[in-house]
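The values are calculated or read from the model by the stated rules, or taken from the named source; none is laboratory data. Because the structure is predicted, anything quoted here is derived from the model rather than measured. Note that we place each Cβ from the backbone using ideal geometry, even for glycine, and neighbour counts take in every protein chain shown. These accessible areas exclude ligands, DNA and RNA; they are computed on the full protein's heavy atoms, side chains included. Shrake-Rupley method; radii C 1.70, N 1.55, O 1.52, S 1.80 Å.
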Amino acid sequence: MSKAAQLDRDAVRIGDLVIGPGLPVVVIGGEDARWLRLPSAGYSPEARSIRPAGKAVAEAPAEMAGEMTERAVGEARARWAGPLLVEPSSAADLPAVARHADAVVLGPAWAREPGLVRAAARLGLPVIIQRGVDQRGRAVTLEEWLAAADHCAAEGNEAIVFCEGGGRTEPAAASHLSPSDLAPTPTPATLDRAPGPAPDAALHSAPDLAIMRAARERTGRPVLAALGRDAGLAGAAVAAGADGLLLDPAAPLEAREAVGEAVTLLAALVRPQSPRTLTEARGEIDRVDAALAVLLERRALLAARIQRLKPVGGFRGRDMERERRLVAGMARRAPRLGVRRLAPIMNAVIEAGLHAAEEERDRDRG
Ligand SMILES: C=C(O[C@@H]1C=C(C(=O)O)C=C[C@H]1O)C(=O)O
């Protein structure tokens, strides 16, 4: 079966990762999959130059460049057993990508080059087409983006994922990442070896979530939002319908963790799924429980605050009328449970909060 095996038009499989609506939101560059961007300091996908980490740009002859690409992608493959996405810097990288990668990522400069898009599509791998600002500073339009997908499909490759990068540019500093950035758990030491000071554009991607939605609605294909190294827009992207988030290969561990948390919590609220298997259904319940735990913790903190604000707090100051009204309000949002089933649940929640508050008060009094 080809690596680009297609489930249906909505979902795309990359290795054992499935991306699409109704499925869990994936984090690429985080735990779900890795993304290797091959060295590039050129201004177009045809340009070819090699920038060894920390060194000045050096032009490399094509055959040497091919060897370096083969080594970089081969090493990345050896270090990471999960889905590996590789972004070529030129058509010369494609054979190595085909040999080792599970998907090919096309940077914004490729979207306007039908010949290159078609060459990438012919690898038979899933193709991730990025929209954004190319190295010349020109933004790919929605029409150009969709046209790139059509070129891909014209080659018989329907395993297409759109990736919205918005204002993100492709700064040279971000392009000499070594495969060490693909280590499963980056340590501060490996992060230190990551590219030096990068322009802000590398740190803060500005995906246009409206264009991302438009691509999703017009094509029915999955969409990703590229966040750069900043977790700030992760929740917004999930709420806007992103099927996955793409983190820069050099995103720090804290950003990866923050994105994972935002995806779990937001998706539980805004992305209801229809799981088909026991494992999928339990995965979905785990995400809902994660969101519930965060809300229960916040609720307990608020309840404790209220006990300190009331003239008589704790169990002695219990207000049963207030409790009855809040259960009735919740039952409107949880009709399956209704007042009869929600009342004992909320009674347990409220009493747990009051117990925690009284214990805390007793500790504080010493
Ligand atoms: C938090 C309060 O104190 C108690 C706890 C409640 C709760 O946890 O929701 C509700 C009413 C009171 O019995 C409050 O009075 O609002």
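Here the accessible area is traced with a 1.4 Å probe on the protein chains. For the stretch 280-365, carbon and sulfur cover 57 percent of it. For the stretch 280-365, build the charge dipole from Cβ charges (+1 Lys, Arg; -1 Asp, Glu) around the Cα centre, then report which of PRO344, MET330, GLN307 sits farthest towards its positive end. So the residue we want is MET330. In a fully extended conformation the segment linking VAL18 and ARG332 would gain 109.6 nm over its present Cα-Cα distance, using 0.36 nm per residue.
Could you compute how fast the stretch 213-350 diffuses translationally, taking Rh as the Kirkwood radius over C-alpha pairs and applying Stokes-Einstein at 10 °C with viscosity 1.306 mPa s? Give it in µm² per second. Estimated diffusion coefficient is 88 µm²/s.
Each of VAL294 and VAL312 was given a label point 7 Å from its Cα along the Cα-to-Cβ line. The distance between the two points is 3.8 nm. Which FRET efficiency value, to the nearest 0.05, is calculated for ALA281 and ARG341 with the Förster distance at 22 angstrom and r the Cβ-Cβ distance? E(calc), rounded to 0.05, equals 0.60. Amide H to amide H, with H built 1.01 Å from N, GLU164 comes under 5 Å of ARG131, LEU224, ALA225, ALA226, counting only residues 5 or more places away or on other chains.
For the stretch 62-133, the per residue solvent-accessible surface stands at 33 Å², with DNA, RNA and ligands left out and a 1.4 Å probe. The 3J(HN,Hα) values that the Karplus relation (6.51, -1.76, 1.60; θ = phi - 60°) gives for the stretch 26-36 are, in residue order, 9, 10, 9, x, x, 7, 7, 6, 10, 10, 10 Hz. Gly and Pro appear as x. Averaged per residue, the stretch 280-365 has 76 square angstrom of accessible surface, using a 1.4 angstrom probe with ligands and nucleic acids left out.
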